[in-house]
Amino acid sequence: MRSTLAERIACILVFASLVCPCPSPAGDAPLGVVLQANLAHVRESALTEGATVYPGEEISTDIGGSLDLRIMSTRFSLATNSRAHFYSGDKGAVAELVDGTLAFRRDPGMEGVEVVASDVRIVTKGEGLVAGQVTIESPCLITVTSVTGELEVTSGKETRTVAEKESYSVTPEIAVAAVQSSVSPDDSGYHASHTHMTCAFKNDPKQASRIRKIVPALVLGGAALLLGSKFLTSSHPSVESPTQP
């Protein structure tokens with residue numbers, strides 16, 4: 001019995017659905033790939049090595065968990081009990097740290113890196129190797145450490161350069177209280193995606209600086225532990241997600 005035209009079309013559609021990868025729910029192009037994962041999640045689903053990361057997805061680690069991923073040309077690591085979103089910016093990868101600790105490595109000659117934590121902005125400087133760590137101690141206290149290279153930190157109207165092996169504590173003027181939706185920090189509607197709270201100095205209210213250098217030994221040990229010697233000296237072998245085009 002000859003098949004009808006409708007049956008032929010149905011067979012073609014079924015075949016196409018099997019061989020063609022489904023797009024992301026938001027229709028976005030893949031942004032990166034997971035290199036290593038332990039007790040890590042994208043939304044409510046467990047992350048595994050090779051998984052694809054899309055812009056704006058909530059990436060998190062449980063207590064005792066860790067995550068190593070590549071976003072564009074930059075390698076990032078999320079420490080235990082951390083949460084972040086990742087985006088593509090005009091000058092390279094953009095990471096919004098919501099909770100916990102994020103480490104990153106930008107190789108020489110690669111695109112820049114921007115990390116936003118409670119409205120504090122951290123960007124890489126120069127063209128050489130830059131590796132650093134950002135920790136949200138509380139919405140009103142951010143710790144920024146440069147392990148290699150220089151970072152530029154901006155809080156409100158104040159900007160400081162974090163030199164290699166230096167650490168700074170940052171008290172934002174207006175901190176993020178709660179993130180309501182995933183919007184890139186480079187988007188014009190970013191500040192409408194979360195609620196804010198005012199931060200006050202705990203010591204001298206007349207002190208002008210909100211970005212203060214702190215004793216490196218207090219945080220560099222933790223940064224080196226998270227980043228690791230291999231992280232600082234060589235790139236992770238290229239790992240492509242099976243769902244990447």
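Data overview
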{"quantity": "In the stretch 61-78, the residues that are over 14 Å from Ser184 (Cβ atoms) and open to solvent by 20 Å² or more (accessible area, probe 1.4 Å)", "calculated": "Asp62, Ile63, Gly64, Ser66, Arg70, Ser73, Arg75"}
{"quantity": "Of the criteria (1) in contact with a Leu (Cβ under 8 Å, 6 or more places away or on another chain); (2) part of a loop (DSSP other than H, G, I, E, B); (3) within 19 Å of Met72 (Cβ to Cβ), which one Gly128 fails", "calculated": "(1)"}
{"quantity": "Residue among Ser138, Ser88 that is in contact (Cβ under 8 Å) with a residue 40 or more places away in the chain and open to solvent by 40 Å² or more (accessible area, probe 1.4 Å)", "calculated": "Ser88"}
{"quantity": "Matching residues, the stretch 65-80, being modelled with pLDDT of 95 or more, part of a loop (DSSP other than H, G, I, E, B) and not hydroxyl-bearing (Ser, Thr, Tyr)", "calculated": "Ala79"}
{"quantity": "For Arg75: the one exception among (1) touching a residue at least 60 places away in the same chain (Cβ under 8 Å); (2) over 14 Å from the mean Cα position of the chain (by Cα)", "calculated": "(2)"}
{"quantity": "Hey, Gly56 closer than 20 Å to Ser184 by Cα and part of a loop (DSSP other than H, G, I, E, B) or not", "calculated": "yes"}
{"quantity": "Out of Thr145, Thr161, sole residue that is open to solvent by 10 Å² or more (accessible area, probe 1.4 Å) and not in a loop (DSSP other than H, G, I, E, B)", "calculated": "Thr161"}
{"quantity": "Qualifying residues in the stretch 105-135 (those that are basic (Lys, Arg) and within 21 Å of Ile214 (Cβ to Cβ)) - the one surrounded by the most Cβ atoms within 10 Å (Cβ to Cβ)", "calculated": "Arg121"}
{"quantity": "Number of the exception - Glu150 against (1) at pLDDT below 95; (2) open to solvent by 50 Å² or more (accessible area, probe 1.4 Å)", "calculated": "(1)"}
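Okay, residues lined up against (1) polar (S, T, N, Q); (2) within 26 Å of Leu151 (Cα to Cα); (3) part of a loop (DSSP other than H, G, I, E, B); (4) more than 15 Å from the chain's Cα centre (by Cα):
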site: Ala40; (1), (2), (3), (4): no, no, no, no
site: Thr48; (1), (2), (3), (4): yes, no, yes, yes
site: Ile63; (1), (2), (3), (4): no, no, no, yes
site: Ser88; (1), (2), (3), (4): yes, yes, no, no
site: Asp99; (1), (2), (3), (4): no, yes, no, no
site: Arg105; (1), (2), (3), (4): no, yes, no, no
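Residues checked against (1) modelled with pLDDT under 80; (2) of a type in the set (Val, Ile, Thr):
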residue: Thr143; (1), (2): no, yes
residue: Thr154; (1), (2): no, yes
residue: Ser167; (1), (2): no, no
residue: Val183; (1), (2): yes, yes
residue: Ala208; (1), (2): yes, no
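The values are calculated or read from the model by the stated rules, or taken from the named source; none is laboratory data. Source: prediction; values computed, not measured. Note that we place each Cβ from the backbone using ideal geometry, even for glycine, and neighbour counts take in every protein chain shown. Ligands, DNA and RNA are stripped out before the accessible areas are found, and what is left, the full protein with its side chains, is counted by its heavy atoms. Shrake-Rupley method; radii C 1.70, N 1.55, O 1.52, S 1.80 Å.
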